[in-house]
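What follows is a single structure, written as C-alpha cells, with notes after it.
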Amino acid sequence: MNNLLILGAGGMGHMIQETALQIGYESVAFLDDAKKGKDIIGKCCDYENFLQSYDTAVAAFGDNNLRLCWTERLMEAGYQVPAIVHPSAVVSPSAVIGRGSFVMHRAVVNTNTVIEHGVLVSSGAVIDHDSYIASGVNIGLGSIVKANCTIATGVRVEAGDVIFSTRRKIDGVDNRNLEDAIYAFGFGPKCSYVKPFGAGHINETYAVYMPGEEGDELAYVLQRVNSNVFKDPAGVMENIFGVTEYLRGVIRAEGGDPDRETLSYIKTKDGCNYFEDAEGEPWRCYNFIADSMCYQLVEDPEQFYQSGNSFGHFLKQLGNYPASRLIETIPDFHNTVKRYHAFEVARKRDLKNRAAFCKEEIAFVQKREKDCAVLVRQQEDGTLPLRVTHNDTKLNNILFDSETKKGLCIIDLDTIMPGLAANDFGDSIRFGAATAEEDEKDLSKMHFDIGLYELFARGYLEETKDVLTEAEIQSLPWGARVITLECGIRFLTDYLQGDTYFKTDYPEHNLVRARTQFKLVEEMEQQFEKMQEIVIQYGGCK
C-alpha cells in the first residue's frame, strides 16, 4: 500500500503531508485528539485499529517527548515507520536517517552522520559530517550542528544555534594536551584507546588504537616532541616531510612499497605539519606500520647485518636529495670538539656538586681530547663531504619485517640533517656491537663485539661502497670510536648538569651510561687495526 497515516494534524503534520505527497504517497490521513476535518479519521488512541488499512504511519508532533513516544508505539504495533525527507533537502548517501525522522525543506545532512528515530531536522538546518543525533531530538530552523557532534536524546537545538564538536571520553587519555592532540589530528570521534608506546629517551610517544574490521587496531603513533631538545619543531617537521615524501618516490621507482618502507607522516586537520598544545609543546603523528618489529638489542647476528644494510640503503636512497634543503635543527649535533668544550664548562661549573663522584670518567675524557677533533677537522678541510644523514642510527630505529626478518623501514627521523657517513656508521656500532644495554651497571657484561662490527660493516658497505669516497670508507672505524666517545661525553655532561637532557630513572643513571660508553671506547682502541682492515676489505679500498 502507498497510504500514510500521520498522528498529529497540526502545522508539522500538514508539512509532513505535503512532503509525503511530493515524494510519492498517494493518500494521507490523520489521527488527532482535538482537530476535526475530512481527512482526520480518528483519535490518536485509535492507531491500532487502522493497521490493516494503513500499514505505514508516522508521528508528527513538535514536542520531542510526545513525538518520540508515539514513534516508538507505532513501531511496537507493527507499523512501517519511514523517514520522511523533503525533495529539496541534501542528504549524504552515507548518512543514516532513523525511522519516523523528518528532514525538512533545504536541510543538509552531511557524510557519515547518524540520525536516530523520531528526530526533526527543521528547514534550513545543517548537520555536518560524522555527527550523531540521538532519538527524539529537534534541530531548529537554520541551526548548525558542526562536525563530530553528539546530541543527546530529547535535546532541542533552538533556531539559529551553532553546536560545536563534542568530545568523548577516550580510554588512556589522562591529560588535556594529549586529548587536544588526538582531536587536532582528527582521531577523536572514533579513537578506541591510547597508551604509551616505545622506549625512547627524548619524546613522549603514544600508540593510537582505532576500530578495525577485526577489533581495535594500532593505527597511528602520536608523539609529543621534547622542545628542550628540538628547539625548532617547525624545522624538524619540514625536514621530515621533505625527506619522507622524497623517499616515497625513490621507493616506488625501486619497485618497493612506500607505505611500508618509509614513515608516512600526517598533517593536522588544519593542514599543519604538527600541532602545538596549550603549553606550546609540539605534537606530530605518523601511520603505524603493521607486521613490523623493533629490537632493543642484537638477538641474532643476522639482525645487525640487516641493520647495516638498511642504514646503508637509506644513505644511498638519499644520495640525490639536496642537503641544502635541510634545516640544521640541532646545530653542531656531532661537532665533537664543541661537545668536549661543553663538557669542560659543565665540569668547571659543577652545578650539582657531582664532579667528585666521577673523577675517573672526567680523566678518561680529558685524555682523549685530540680524538674529538679527528672527524671534525676532516670535515672542515673538505676530506669528508656532508651527506643527508640520520644521526641516530641505533638498531631500535629500524623496523624489521615480522615475516622475513629483514630491515624494512628507518624510523625516528628527528635528527635528519647534513652530516658525515662516519657519524651514522659509528652510532650504529656503538649501540649494536655492544654486548649489554647502555645503562648496564655491571661493566663486566659490556664489551665491544668485533664480530658484530664486521657483520654491520659488510651490510653497510654492500649498499654504500659505490657511493662513498675512499676517504669516507676509511673514516668509518674512527666514526665508531669518536661517536661512542661523544655519546659518553654527552651522558657525563648531562650528569654534571643535573640530568636536563636525557630521561633518567635514578640519580646516577647518566653516569652509568657514560661508563658503558667509555668501556666500549677502550676496547675499540685495542682492536682498532682490525676495525680498519675490515672496512678496507668490504669497501674495496686499495
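The values are calculated or read from the model by the stated rules, or taken from the named source; none is laboratory data. Predicted model, so just to flag it, every value in this text is computed and none were measured. Note: ideal-geometry Cβ built from the backbone for every residue, glycine included; neighbour counts use all protein chains shown. The protein model used for the area step is the full one, side chains on, heavy atoms only, and it has no ligands, DNA or RNA in it. Shrake-Rupley method; radii C 1.70, N 1.55, O 1.52, S 1.80 Å.
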Taking Cα atoms only, Rg over Rh for segment 90-235 with Rh from the Kirkwood formula is 1.10
Result for segment 427-485: accessible area per residue, probe 1.4 angstrom, in square angstrom, of 34 Å²
Per residue convex hull volume, Cα only, segment 156-313, in Å³ is 186 Å³
For segment 154-201, dividing by residue count, accessible area per residue (probe 1.4 Å) in Å² works out to 56 Å²
Sorted by accessible surface (1.4 Å probe, heavy atoms of the protein chains only), largest first, Asp259, Asp414 come out as Asp259, Asp414
Rounded to the nearest 10, the angle in degrees between the Cα long axis of helix 509-526 and the longest principal axis of the Cα atoms of the chain comes to 50 degrees
Within the chain, the percent of DSSP beta bridges that are antiparallel, given to the nearest 5, stands at 45 percent
Taking 475-485, 508-518 and ranking on average Cβ neighbours within 10 Å, highest first, one gets 475-485, 508-518
Result for segment 272-343: accessible area per residue, probe 1.4 angstrom, in square angstrom, of 46 Å²
Rounded to the nearest 10 Å², the accessible area of Val345 using a 1.4 Å probe with every protein chain kept is 70 Å²
Of all DSSP beta bridges with both partners in segment 1-141, the antiparallel percent, nearest 5, is 0 percent
Taking Cα pairs closer than 8 Å and at least 6 residues apart, the relative contact order of the chain in percent is 9 percent
The summed charge of the Val108 Cβ neighbourhood (under 13 Å; Lys/Arg +1, Asp/Glu -1) stands at +1
Residues other than Ser324 with Cβ under 14 Å of its Cβ, Lys/Arg counted +1 and Asp/Glu -1, net out at 0
Between the Cα axis of helix 301-317 and the main Cα principal axis of the chain, the angle (0 to 90°, nearest 10) is 80 degrees
Expressed in square angstrom to the nearest 10, the accessible area of Cys272 with a 1.4 Å probe stands at 60 Å²
Carbon/sulfur accessible area of the chain, % of total, 1.4 Å probe, equals 47 percent
Among GluC sites (Glu not before Pro) in segment 317-415, those in a DSSP loop whose Cβ has at most 11 other Cβ atoms within 10 Å are Glu403
Expressed in square angstrom to the nearest 10, the accessible area of Met12 with a 1.4 Å probe stands at 30 Å²
Around Thr268 (Cβ within 15 Å, Cβ-to-Cβ, excluding Thr268; K/R +1, D/E -1) the net charge comes to -3
Karplus-derived 3J(HN,Hα) from phi for segment 389-397 (6.51 cos²θ - 1.76 cosθ + 1.60, θ = phi - 60°), whole Hz, x at Gly and Pro, runs 10, 7, 6, 7, 8, 7, 4, 7, 9
With Cα coordinates, the longest principal axis of the chain makes an angle with the long axis of helix 421-432, in degrees rounded to 10, of 80 degrees
When the charge dipole of the chain is computed with +1 at the Cβ of Lys and Arg and -1 at the Cβ of Asp and Glu, the Cα pointing farthest to the positive end, of Ile489, Val298, Phe400, is that of Ile489
So the compactness index of the chain, its C-alpha Rg divided by 2.2 N^0.38 Å, takes the value 1.39
Set Lys316/Lys394; Lys231/Lys503; Lys169/Lys405; Lys269/Lys503; Lys316/Lys370; Lys370/Lys406, cut-off 28 Å on Cα-Cα distance; pairs above it are Lys169/Lys405; Lys269/Lys503; Lys316/Lys370; Lys370/Lys406
Treating only Lys and Arg (+1) and Asp and Glu (-1) as charged, each at its beta carbon, one finds that the chain has a dipole about its Cα centre, in Debye to the nearest 20, of 1040 debye
Computed over segment 84-165, the relative contact order (Cα-Cα under 8 Å, seq sep at least six) in percent reads 22 percent
